[in-house]
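K.L.:
Structure incoming, see below.
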Amino acid sequence: MILHLDMDAFFASVEQLDDPSLKGRPVIVGGDRRGVVSTASYEARRFGIHSAMPIATARRLCPRGVFLRGRYDRYSELSRRIMAALRDFSPTVEPASIDEAYLDASGLERLSGSPAELARAVKARVAGVTGGLTCSVGIAPVKFLAKICSEVNKPDGIFILQPEEADAFLAGLEVTRLPGVGKRMAASLAGLGITHVAQLRALSRDFMERRYGKWGAVLHDRAHGIDPRAVTPEHEVKSEGAERTFARDVRDRGLLARALFAHAERVGARMRRNGLAGRTVTLKIKFADFRQITRSRTLGGRTDATRTIFETARQLLEEEPLGQPVRLIGLSVSGFEAPPEQLLLPGAAQGRHGKGGLPAPEEEERRRKLDRALDTLRERFGRDAVQRGGIHGADLSGETQGPPPAEGHTRREPD
């Protein structure tokens with residue numbers, strides 16, 4: 001049996017927890033007027049507001065709503081407490097995003113009692129470590145069914161699917177309830193006259209694979225309750241990133257560079273906190289006409305230094321002709337795996353810029369020491385206790401964590 005935990009309207013619930021005056025009010029967390037909704041409280045959802053909806057649309061639907069930019073450091077802090085609490089029940093915990101996780105519940109009866117008792121204990125523990133936040137829990141024989149089950153009795157609910165009940169439960173579902181079936185896939189299946197899982201079962205696996213590729217075969221298996229994926233304790237982090245949608249389109253390269261500096265601060269700090277260092281820096285730009293580009297540079301070695309990340313991204317920005325104003329700018333760092341060692345040709349010198357775009361070793365080490373000192377000060381006295389001169393006074397309020405600011409990165413579509 002696999003348990004899936006999903007926090008209820010996580011970001012908005014945290015805001016209501018920390019500010020009791022917001023309880024019972026429609027709270028929408030996201031960017032500015034040009035951003036998107038990260039999550040909405042259940043009071044806001046009654047107005048038709050949902051995650052990934054443009055903020056401007058949400059304001060039209062709920063003009064009296066409370067719109068907040070979000071405090072992602074606070075959400076991450078509580079997420080870490082939740083994941084640690086789950087590990088008190090089982091070491092086999094797989095974080096699926098910032099606000100959801102899977103737990104292998106097999107063989108826990110002696111320690112935690114029946115599945116219902118385990119679910120209640122998990123909910124109580126999560127409420128305890130977060131100061132009262134609620135979550136919904138689903139328990140089922142396989143992962144995708146556990147995720148579906150956690151949505152059945154939201155918010156603050158429990159739904160347990162016994163193995164002998166799984167086939168009938170699954171057959172009665174609409175295909176849109178299967179994880180991964182979005183609007184396009186649902187429309188394509190509807191074109192075949194398929195709206196429910198029972199109808200989907202009539203199609204052969206070969207047909208589904210020919211028509212939809214590997215995903216078609218997976219979908220066929222899920223329609224029959226097959227999901228061989230085990231709960232994996234940790235996913236390897238592939239990248240760390242941040243991005244910002246501006247309130248107005250920007251042509252000023254200086255402002256764009258300051259935004260990149262703020263992103264580098266956030267990304268570098270998260271990497272150092274998680275013991276990561278990467279080789280590839282990627283610049284992301286979305287123009288006023290919504291055209292989007294990415295430009296990447298791979299360094300000769302790994303780095304977690306804020307200044308090095310920023311300088312690499314700034315060079316990419318300087319090399320890019322900006323034919324239109326910029327709507328969004330972001331950066332990310334990837335390539336955390338150790339690179340193969342490269343030998344320098346005889347007589348080749350690294351110079352003051354070091355190897356492959358990295359600063360000289362002594363300069364890189366100086367930057368890392370400064371970063372560690374700033375990280376320590378901010379951990380003790382708060383994020384705003386000390387700032388580098390390069391971004392002092394800059395308006396960073398529009399910055400969001402990337403990928404796009406919706407609950408569920410680590411980052412998936414939340415409830």
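K.L.:
Considering only residues that are of a type in the set (S, T, Y) and farther than 25 Å from I139 by Cβ, which ones fall in the stretch 1-30?
P.N.:
Selection gives S21 alone.
K.L.:
Out of R258, R272, R244, which single residue is open to solvent by 70 Å² or more (accessible area, probe 1.4 Å) and either part of a loop (DSSP other than H, G, I, E, B) or not polar (S, T, N, Q) (or both)?
P.N.:
R258
K.L.:
While we're looking at this one, here's another question. Can you tell me which residue within the stretch 1-26, out of those that are assigned to a loop (DSSP other than H, G, I, E, B) and among the aliphatic types (A, V, I, L, M), is surrounded by the fewest Cβ atoms within 10 Å (Cβ to Cβ)?
P.N.:
The residue in question is M1.
K.L.:
Let me ask another. How many residues does the stretch 186-222 contain that are in contact with a strand residue (DSSP E or B) (Cβ under 8 Å, 6 or more places away or on another chain) and aliphatic (A, V, I, L, M)?
P.N.:
1
K.L.:
Of the conditions (1) in contact with a Gly (Cβ under 7 Å, 6 or more places away or on another chain); (2) open to solvent by less than 70 Å² (accessible area, probe 1.4 Å), D221 clears all except one; give me its number.
P.N.:
Exception for D221: condition (1).
K.L.:
Does H50 satisfy the condition of being part of a loop (DSSP other than H, G, I, E, B) and either at pLDDT 95 or above or over 20 Å from A247 (Cα atoms) (or both)?
P.N.:
yes
Residues are listed down the side, and each one gets a yes or a no for (1) at pLDDT below 90; (2) more than 30 Å from A171 (Cα to Cα):
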| site | (1), (2) |
| --- | --- |
| M208 | no, no |
| L219 | no, no |
| K238 | yes, yes |
| A257 | no, yes |
| V267 | no, yes |
| R273 | yes, yes |
| G278 | no, yes |
| L283 | no, yes |
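K.L.:
Of all residues in the stretch 275-294, which are under 16 Å from A313 (Cα atoms) and buried (at least 16 other Cβ atoms within 10 Å of the Cβ)?
P.N.:
Within the stretch 275-294, A277, G278, R279, T280, V281, T282, L283, K284, I285, K286 qualify.
K.L.:
On to the next question. Of the conditions (1) within 16 Å of the chain's Cα centre (by Cα); (2) more than 30 Å from D249 (Cβ to Cβ), T39 clears all except one; give me its number.
P.N.:
Going through the list (1) within 16 Å of the chain's Cα centre (by Cα); (2) more than 30 Å from D249 (Cβ to Cβ), T39 breaks only (2).
K.L.:
Would a scan of the stretch 92-109 turn up a residue that is charged (D, E, K, R), at pLDDT 90 or above, in a helix (DSSP H, G or I) and open to solvent by 10 Å² or more (accessible area, probe 1.4 Å)?
P.N.:
no
K.L.:
Of the residues L299, L200, which is closer than 30 Å to M1 by Cα and either crowded, with 20+ Cβ neighbours inside 10 Å or touching a Pro at 6+ places or on another chain (Cβ under 7 Å) (or both)?
P.N.:
L200
K.L.:
Taking the stretch 39-61, which residues are touching a Lys or Arg at 6+ places or on another chain (Cβ under 9 Å) and either open to solvent by less than 20 Å² (accessible area, probe 1.4 Å) or within 16 Å of S13 (Cβ to Cβ) (or both)?
P.N.:
The answer is S41, Y42, E43, A44, I55.
K.L.:
Given D249, D206, D221, D167, which one is within 29 Å of the chain's Cα centre (by Cα) and part of a helix (DSSP H, G or I)?
P.N.:
Only one candidate passes the filter, namely D221.
K.L.:
The conditions are (1) modelled with pLDDT of 55 or more; (2) surrounded by fewer than 14 Cβ atoms within 10 Å (Cβ to Cβ); (3) over 30 Å from H4 (Cα atoms), and P359 fails exactly one of them. Which is it?
P.N.:
P359 satisfies all of (1) modelled with pLDDT of 55 or more; (2) surrounded by fewer than 14 Cβ atoms within 10 Å (Cβ to Cβ); (3) over 30 Å from H4 (Cα atoms) except (2).
The values are calculated or read from the model by the stated rules, or taken from the named source; none is laboratory data. Only a predicted model underlies this, so the values are computations on that prediction, with no experimental measurement involved. Glycine also receives a Cβ, built like all others from the backbone with ideal geometry; neighbour counts cover every protein chain displayed. What goes into the accessible areas is simple: the full protein's heavy atoms, side chains included, and nothing from ligands, DNA or RNA. Shrake-Rupley method; radii C 1.70, N 1.55, O 1.52, S 1.80 Å.
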